[in-house]
Amino acid sequence: MSDLLRSVRVLEVSSRLQSAASSLAALAQGIGPDATGRDALKWTGDLLAQIDWPTKVPTRSGVGGGLAVQATAASPSFYASLIEAVPAFALVGITSQDGIFQFLGALYETLESGGKEPHKLAPKQLTLASELLESISESLVAQLSNNGLPKQSTRLTVGAIG
C-alpha cells in the first residue's frame with residue numbers, strides 16, 4: 001500500500017509541475033495564467049523552495065508537511081534536471097554559478113507570485129524554466145515506470161517445480 005501512496009504522490013507532483021510548465025510557456029508568449037495556472041505556479045514555487053532551501057527564498061506561510069514529503073521525492077529529479085540544463089543555461093546567457101542562482105531566485109519569485117507582472121525573467125528564460133519543470137516532471141514519471149527497466153515478474157506456481 002505504501003508503494004501505491006508513494007506513486008500517487010509522485011504522480012501528483014509530476015502533474016502539477018507539468019501544469020506550471022505550461023503556464024510558464026504561455027507567460028513567455030505574453031499570455032497570463034488563469035486561476036488554475038496561478039495556483040499551479042504558486043504550489044510549484046512552494047515545492048521548489050522546499051527542495052532548494054539554500055536559495056533562502058521566502059515561502060508562503062502554511063506550507064504543510066505533505067509538501068515536504070513530496071519535495072523529498074522530487075529532489076533527485078530536480079537536481080538531475082538542473083545538471084542536464086547547464087547547456088541550455090548557456091544558450092540564454094547564463095554562464096556562471098551565480099547566474100544560475102539569480103535565475104533560480106527570479107524563477108521562484110515568479111512562481112510564488114503566480115506569474116503576476118512584473119517578473120524578472122525574459123521570455124527565453126521563462127521558456128527555459130518551463131523546459132526545466134517539464135524535465136523534472138518527466139523524470140518523476142520515469143520513476144513510476146521503473147526508470148524504463150524491465151520489472152521482474154512474479155509468477156504464482158502450484159505444486160512442485162522440477
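The values are calculated or read from the model by the stated rules, or taken from the named source; none is laboratory data. Predicted, not measured: the structure shown is a model, and the values here were computed from it. Glycine also receives a Cβ, built like all others from the backbone with ideal geometry; neighbour counts cover every protein chain displayed.
Taken together, SER135, SER96 contain a single residue that is among the hydroxyl-bearing types (Ser, Thr, Tyr), exposed (fewer than 15 other Cβ atoms within 10 Å of the Cβ) and at pLDDT 85 or above, which is SER96. Every test in (1) under 15 Å from GLU12 (Cα atoms); (2) modelled with pLDDT of 65 or more; (3) not charged (D, E, K, R) is passed by ALA68 save one, and that test is (2). In the range 120-130, the residue that is farthest from ARG38 (Cα to Cα) out of those that are in contact (Cβ under 8 Å) with a residue 60 or more places away in the chain and surrounded by fewer than 17 Cβ atoms within 10 Å (Cβ to Cβ) is LYS124.
Tallying residues that are assigned to a helix (DSSP H, G or I) and out of contact with any helix residue (DSSP H, G or I) (no Cβ under 7 Å at 6 or more places or on another chain) within the range 86-98 yields 6.
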